[in-house]
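For reference, the structure discussed in these notes is given below.
The values are calculated or read from the model by the stated rules, or taken from the named source; none is laboratory data. In this text, all values refer to a predicted model and were calculated from it rather than measured experimentally. Glycine also receives a Cβ, built like all others from the backbone with ideal geometry; neighbour counts cover every protein chain displayed. Just so you know, the surface numbers come from the protein's heavy atoms only, side chains and all, with ligands and any DNA or RNA stripped out. Shrake-Rupley method; radii C 1.70, N 1.55, O 1.52, S 1.80 Å.
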Amino acid sequence: EEGAPKRITPGAKPVCQDKLPLPAGVHGPFYRLMQARDGDLWLMTAQEGYIRYRRSADDNWVVQEWRPGPGATTASRNITGMTEDREGNVWLSTADGLYRHSQQGPLQRYGEEHGFRSSYFYCVLAEDDGTLWVSANEGLYRCEPRRNQARLFTQSDGLAHNEFNSGACHRAADG
């Protein structure tokens, strides 16, 4: 299919490119492709939510799940960041809050009621202990999902700037 994202296998000679099927009406743009520990591929989009792929018995990628965003708003369809925590939960940062996708239950939103001052987030990263770091326009949040708490760090805490935009995240090898 024209414009479909492709999977590239590093080190393969020649490079293997498998087309990933897209749900009807999904055209992108696409921000990130992440492979979870269970082997599933997660594709985040700018306007269409996320798509989750799983390998079929005949070794093809099939759409396991697709959500046009965790709600009907345009903002929640804008998936800006994605990470997997130690328990296998996939966390999605959006223009309408932080969402946890768990195998055990429905999609759960984290927002103002959990200590966030706004709901537009650009990136989310998970630490080994389950702590999440979430970038936003007003600073950098340290989120402890088990305690339903988030703390905002700003220039007054020693950051160079308060504004963290798209792609403003990195986790080094040492955590």
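A few remarks follow.
- With respect to the stated conditions, LEU159 is touching a Gly at 6+ places or on another chain (Cβ under 8 Å) and of a type outside the set (Asp, Glu).
- Any pair with Cβ under 7 angstrom, 6 or more apart, that starts in segment 125-153 at a residue that is closer than 15 Å to ALA168 by Cα and ends at one that is of a type in the set (Lys, Arg) and in a strand (DSSP E or B): TRP133/ARG142; TYR141/ARG151; ARG142/ARG151; PHE153/ARG142
- When segment 138-149 is limited to residues that are at pLDDT 90 or above and open to solvent by 20 Å² or more (accessible area, probe 1.4 Å), the one that is farthest from the chain's Cα centre (by Cα) turns out to be GLU138.
- PHE153 passes every criterion in (1) of a type in the set (Phe, Trp, Tyr); (2) modelled with pLDDT under 90; (3) farther than 20 Å from TYR99 by Cβ apart from (2).
- SER135 vs. criteria surrounded by 15 or more Cβ atoms within 10 Å (Cβ to Cβ), among the small types (Gly, Ala, Ser) and not in a strand (DSSP E or B): no
- Any hit, segment 65-78, residues being of a type in the set (S, T, N, Q) and not in a loop (DSSP other than H, G, I, E, B): yes
- For GLU84: the one exception among (1) open to solvent by 20 Å² or more (accessible area, probe 1.4 Å); (2) farther than 17 Å from MET44 by Cα; (3) modelled with pLDDT of 90 or more: (2)
- The set of residues in segment 100-129 that are modelled with pLDDT of 90 or more and among the small types (Gly, Ala, Ser) contains only ALA126.
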